[in-house]
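*Asks:* Just dropping this structure here.
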Amino acid sequence: MKRLLIILGSIVVLGAILLAIAVRVVLGGDRIKSAIESQAAIALGQPVTIRTAVPHFFPRIRLDLTGVSIGASREVEIERVRLATGIRALLGRRVDEADVAIEQSRIDVGWALALLAALDADTPAAAPPSSYPLAIDAIGSIALRDVTLVAGKHTLLVNMSASFSGGDRLEIQTMRAESETSRFTASGALASVSKRTGTFTVDADALDLDGLMAFLAAATPASQPATGETQPPAPGDRAKPPPPSAPLAIDVAIRSREGRALGVALSDLSATARVRESDALLDDLKVAAFGGRYTGSAAFRGAQKVGRYEWKGSFENLDVPRLMEFAGAAGSMTGRLSGTIALAAAGFDPAEAIRGARGSSRVVVTDGRIPGLEIVRSVILAFGKPTGDRPAGSGEAFTRIAATLAIDGPDIATKDLDFESRDFDMTGEGRFSLASQAIRFRTDVVLSRELSAQAGRDLYRLAREGERIVLPATIDGTIGSPTVFIDVQAALGRALRNKAQDELKGLFDRFRKRIGR
């Protein structure tokens, strides 16, 4: 029995030795490294270099490649690739249903997508010469471990497990991704790797929408420079992938508990991201911000040399004090804000593009105050104390402010300001700057009937229209410290018109009485 065990053990050891020798024969030496470099360069049309190729036969037969780089400027750098396969295929000098693990790598994702898009999936790959010791027939699974995806100045650290099924369908079982401002998991499938179509879901703890849009913008193949090169370029030349042969079409359902966009803290975010060729779109965007809700869309359109961002949507019940604090004018207004907005801006980074955005917005602010906007006090100071009781009330409180805003970067203008309050109404036009905080408005202040009745006969006679006093005013200064000037000369001009109207009415009344006799 003991002798039998010794014999069996010797057979196992001998088998292991023979297997190790076979693996070394098939996979060992610089010949296999050179062969893989040549095959990959022909398939990709880009230079490929490998530092080492080391075979292993335990616990599974595999080939470890280190120091892999693709592209003349090393756009793809892979520290280690583990390529595992079965013994039967290996003895036939083939790699079939291989498991590939890519570790500690850095990939320029925009360049890589443009390169993949340029590969014609309908054209069979050129067969390697018969002198090549190894042919890679099919890949069964792909794992990414600590792989950094780079798009422009944005990076994303990814760990992923995926497998091929039904030809070129790639199932993403799990993917964890993390940047400085985002953390999320994802799953889904590329329905067709060759056609670059797929559907995914993303569940995030934190998501930076600016970073996501900028990453997608920088990653779109159309944003990458292209030439018609199909052969590896000369050393030192930067490789430019050829134009895409098929559009990119990826849909991603997104949910995030927290997030940021344009520097604003967000929560309860949901959206559908759609990547179509050079466009990255966020549809059905819903998010909580500033104590209210925003519903709309965001888009990056990269068909032109200069990218274009678009933001459209509606907002409701935003907390104005929080919004004004964010705008750098803390304490300048209270109330709740609702409305619509449509903006567009050129550029590739959304945070930078928004500074020069142009568009329009319709806003309504309700039940608030503007500290320092003492309209009634300004009327009294302009005309002296009225003959009646001093008008009561303050210009700070309002029930409603509505306006259509024309937005030109930090400068905002309106031609239809409508201000309603208990003590007065106000209509007019003007502009203000979010950069300098300066404001300049020309308005008509219409005192309420109660205040008009309290103002005294002199002021009433000077500035009335109907039963209410109307006074031209200028409001300037800053958003946080507005100053009101009553245009006395314009009021006197109205007084002359009122006097002429009174005299004409008296003359008409006297004439009518004479006719009546």
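*Asks:* Do you know which residues across region 394-427 are in contact (Cβ under 8 Å) with a residue 40 or more places away in the chain and not aliphatic (A, V, I, L, M)?
*Replies:* If the condition is that a residue be in contact (Cβ under 8 Å) with a residue 40 or more places away in the chain and not aliphatic (A, V, I, L, M), then Gly395, Phe398, Thr404, Asp408, Gly409, Pro410, Asp423, Phe424 are the ones that fit.
*Asks:* Sticking with this structure for a sec: Against the definition (open to solvent by 40 Å² or more (accessible area, probe 1.4 Å), at pLDDT 90 or above and in a strand (DSSP E or B)), how does Glu258 come out, yes or no? Spell out how you get there, then give the answer.
*Replies:* On the way: open to solvent by 40 Å² or more (accessible area, probe 1.4 Å): yes; at pLDDT 90 or above: yes; in a strand (DSSP E or B): yes.
So Glu258 fits the description; yes.
*Asks:* While we're looking at this one, here's another question. Tell me yes or no: at least one residue of region 358-367 is closer than 26 Å to Ala206 by Cα and open to solvent by less than 40 Å² (accessible area, probe 1.4 Å).
*Replies:* Quick first cut of region 358-367, residues closer than 26 Å to Ala206 by Cα only: none.
No: zero hits.
*Asks:* Just one of the numbered conditions (1) at pLDDT below 85; (2) closer than 27 Å to Tyr309 by Cα; (3) in a helix (DSSP H, G or I) is not true of Ala382; which one?
*Replies:* The single condition Ala382 does not satisfy is (2).
*Asks:* Another question about this same structure. Could you identify the single residue in Thr404, Thr414 that is assigned to a strand (DSSP E or B), modelled with pLDDT of 95 or more, of a type outside the set (Phe, Trp, Tyr) and open to solvent by 30 Å² or more (accessible area, probe 1.4 Å)?
*Replies:* Values: Thr414 fails: open to solvent by 30 Å² or more (accessible area, probe 1.4 Å).
It is Thr404.
*Asks:* OK, next. Report every pair of residues separated by at least 6 positions or lying on different chains whose Cβ atoms are under 9 Å apart, first residue within region 463-488 and of a type in the set (A, V, I, L, M), second assigned to a strand (DSSP E or B) and at pLDDT below 80.
*Replies:* Ala463/Ile469; Val470/Arg464
*Asks:* Let me ask another. Could you grab the pairs with beta carbons closer than 6 Å, sequence gap of 6+ or different chains, first residue in region 154-174 and outside any strand (DSSP E or B), second one open to solvent by less than 70 Å² (accessible area, probe 1.4 Å)?
*Replies:* Within 6 Å, the pairs are Asp168/Ser192; Asp168/Val193; Asp168/Ser194.
*Asks:* Moving on to the next point. Taking the stated definitions as given, is Gly263 surrounded by fewer than 16 Cβ atoms within 10 Å (Cβ to Cβ) and within 21 Å of Thr181 (Cβ to Cβ)? First the steps, then the outcome.
*Replies:* Values: surrounded by fewer than 16 Cβ atoms within 10 Å (Cβ to Cβ): yes; within 21 Å of Thr181 (Cβ to Cβ): yes.
Criteria met by Gly263.
*Asks:* Of all residues being surrounded by 17 or more Cβ atoms within 10 Å (Cβ to Cβ) and not in a strand (DSSP E or B) in region 266-303, which is modelled with the highest pLDDT? Just the residue, please.
*Replies:* Phe290
The values are calculated or read from the model by the stated rules, or taken from the named source; none is laboratory data. Because the structure is a prediction, the values reported are computed rather than measured. In this analysis, Cβ positions are derived from the backbone assuming ideal geometry, glycine residues included, and neighbour counts consider all displayed protein chains. To get the accessible areas, we keep the full protein, side chains included, count just its heavy atoms, and leave off ligands, DNA and RNA. Shrake-Rupley method; radii C 1.70, N 1.55, O 1.52, S 1.80 Å.
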